[in-house]
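**Q** This is the structure I have questions about; it appears just below.
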Amino acid sequence: MRKRMNSRNAILASLIGASCTFAGLTATLKSVEVTREEGRYHLVADTHLDATPASISQVLLDFDNDRYSQISEIYKESSYLKPDSDGTPLVYTLVEGCLMLYCRSMRRVERLEVVTPTLIRSTALPERSDFKYSSSEWTLEPEAGGTRVLYRMEMEPDFWLPPFVGPWFLKRTLLRGGVSAVERIEELAQQVDGDGLLRAESR
């Protein structure tokens, strides 16, 4: 219990520092929680963005041409792949995190499901990923003229980490640039909203 509390306190301190760095931005990262239980990492992030659910969804579903690298520098590659045997879209992402001279790349091939216009869900294929298990869910809800974005992820890596790195490395990689990524998603979504407005005005 003490070890888990210490991990949470360390994460909270880093998030406070990040929030101060990006103070004044429209996007609001209200809370982030990362926990580890029996080898699995759980992440929940609650965010408010000044953009519509439809435009945010469009940004989150744009994996082609390494577009995710525009959201965060940890994304090195992203693309759509040939659909799964049942026609479900497959997406590929490659992320990289570094600690001093140690870097680790993590690839993931996921089945992508748009459950409803405001609910996006993905599940990794372990045989084609560096994860024994990985699933994520984006929920988009209208809120105060913008959108509440609730992100949940559960994952279990399928690779070895040096003892001196351990869970902290994964947590740092998951959270690195979190606030700036939220701001970038908002900026891209506002561009989508703006393009739609311009098209409507030109009719």
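The values are calculated or read from the model by the stated rules, or taken from the named source; none is laboratory data. On a predicted model such as this, the values are computed, not experimentally measured, just so you know. Quick reminder, even Gly has a Cβ in these numbers, built from the backbone with ideal geometry, and neighbours come from all protein chains shown. Surface accessibility is based on the protein's heavy atoms, side chains included, excluding ligands, DNA and RNA. Shrake-Rupley method; radii C 1.70, N 1.55, O 1.52, S 1.80 Å.
**Q** Across the range 92-135, which residue is farthest from G39 (Cα to Cα) among those that are of a type in the set (V, I, T) and open to solvent by less than 40 Å² (accessible area, probe 1.4 Å)?
**A** That would be I120.
Listed here are the residues, each with its yes/no results for (1) open to solvent by 30 Å² or more (accessible area, probe 1.4 Å); (2) within 18 Å of D62 (Cα to Cα); (3) at pLDDT below 95.
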| site | (1), (2), (3) |
| --- | --- |
| R148 | yes, no, no |
| R152 | yes, no, no |
| V179 | no, no, yes |
| V192 | yes, yes, yes |
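**Q** Moving on to the next point. Looking at the structure I just gave you, is L198 at pLDDT below 65 and closer than 28 Å to Y102 by Cβ? Spell out how you get there, then give the answer.
**A** Working: at pLDDT below 65: yes; closer than 28 Å to Y102 by Cβ: no.
So L198 fails the test.
**Q** Based on this model, can you work out whether S85 counts as of a type in the set (S, T, Y) and under 17 Å from the mean Cα position of the chain (by Cα)?
**A** Values: of a type in the set (S, T, Y): yes; under 17 Å from the mean Cα position of the chain (by Cα): no.
So S85 fails the test.
**Q** Can you confirm whether E141 is modelled with pLDDT of 95 or more, charged (D, E, K, R) and either assigned to a strand (DSSP E or B) or open to solvent by less than 70 Å² (accessible area, probe 1.4 Å) (or both)? Can you show your working first?
**A** Values: modelled with pLDDT of 95 or more: yes; charged (D, E, K, R): yes; either assigned to a strand (DSSP E or B) or open to solvent by less than 70 Å² (accessible area, probe 1.4 Å) (or both): yes.
Taking the combined requirement at face value, the residue satisfies it.
**Q** Go through the range 16-121 and tell me which strands (runs of 3 or more DSSP E), entirely inside it, have 1 or more residues that are out of contact with any helix residue (DSSP H, G or I) (no Cβ under 8 Å at 6 or more places or on another chain), of a type in the set (A, V, I, L, M) and at pLDDT 90 or above. Quick ask: steps written out before the conclusion?
**A** Details: elements: 28-37, 40-49, 75-81, 90-99, 102-116.
The strands (runs of 3 or more DSSP E) meeting that bar are 40-49, 75-81, 90-99, 102-116.
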